[in-house]
Amino acid sequence: MPAGDFEESKMPLLDHLVELRQRLLYSFIGMIVAFILCYSVAGHIYNFLVQPLADATAGQEGRRMIFTALHEAFFTQIKVAFFAAMCISFPIIAVQFWGFISPGLYKNEKKAFLPFLAATPVLFVVGAAMVYYLVIPLAWRFFLSFETPGGDGTLPMELEPKVDQYLSLVMRLIFAFGVCFELPVLIVLLAKVGIVSSDGLKAKRKYAVLIAFVVAAVLTPPDVISQVLLAVPVIILYEISILCARFIEKHRGDPADDEGADEDEPEAV
């Protein structure tokens, strides 16, 4: 398309803003619908999140969870429903995001970007599944080991977790592991646009290891098991990112890609 025709076919700024508002509105409506659906089954989601603690205390009579404020249980269900709604509505938000930016991309850029968009929820789910099925059960057993039966003039020390504190911790762990597992997507995108290189990533490996353990110490409960179980996968993902960056560098000079970039133009919007 000639440059003049392309300039004439470009969408005015006001139309871009109108489309952006429409995309945001669709995303908001999708999240609200997901929230309503999740709130209707908030009890089941709550039971799912509490199940690791129930399994760790199975067979022990008198176990319970408490809330000390009148509104605590209600707002806890609100938080649980909102957290689940954000996870469920992510595909809708991602589709709206893609619909807004895709008309301005070349065809080869679309092909390059789509795998990252698809990998984002997959890696988040992998991280969330790891923390739920592996890290949380180990951490809960570790914390329960500090209970004491009491006797001979000493009082027993028993765990009676508060509902909001327990669920806030679980949701924070799920979010932290899910986000940390997005590391390959971020690094590979930076490598694809030339901001980082495989040699640079290898040179900063020792700093990456240190940062991984610092982040794990901040995001996880204060026990060594949880910190190691977050830091080690992050380090492994960092190494995988180095391999992906090296692969991208080897194929960056592919003539076919260059030809495609010359032939394709952004779609008229």
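The values are calculated or read from the model by the stated rules, or taken from the named source; none is laboratory data. Given the structure is predicted, the values throughout are model-derived calculations rather than measurements. All Cβ positions, even for glycine, are placed from backbone atoms using ideal geometry, and neighbour counts span all protein chains on display.
Structure summary
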| read-out | value |
| --- | --- |
| The lone exception for A176 - which of (1) within 20 Å of the chain's Cα centre (by Cα); (2) free of Cβ contacts under 8 Å to residues at least 24 places away in the same chain it fails | (2) |
| Residue within the range 78-92 that is modelled with pLDDT under 85, in a helix (DSSP H, G or I) and surrounded by fewer than 17 Cβ atoms within 10 Å (Cβ to Cβ) present | yes |
| Any hit, the range 116-124, residues being within 16 Å of M171 (Cα to Cα) and hydrophobic (A, V, I, L, M, F, W, C) | yes |
| Some residue of the range 11-21 being out of contact with any strand residue (DSSP E or B) (no Cβ under 9 Å at 6 or more places or on another chain), modelled with pLDDT of 90 or more and either in a loop (DSSP other than H, G, I, E, B) or buried (at least 17 other Cβ atoms within 10 Å of the Cβ) (or both) | no |
| Out of I29, I45, sole residue that is part of a helix (DSSP H, G or I), modelled with pLDDT of 90 or more and under 18 Å from F97 (Cα atoms) | I29 |
| Residue that is modelled with the highest pLDDT [pool: residues in the range 139-195 that are of a type in the set (V, I, T) and assigned to a strand (DSSP E or B)] | T148 |
| Condition broken by S197, with the remaining ones in (1) of a type outside the set (K, R); (2) crowded, with 16+ Cβ neighbours inside 10 Å; (3) under 23 Å from the mean Cα position of the chain (by Cα) satisfied | (3) |
| Sole residue being at pLDDT below 85 and either assigned to a helix (DSSP H, G or I) or among the hydroxyl-bearing types (S, T, Y) (or both), chosen from A217, A208, A231 | A217 |
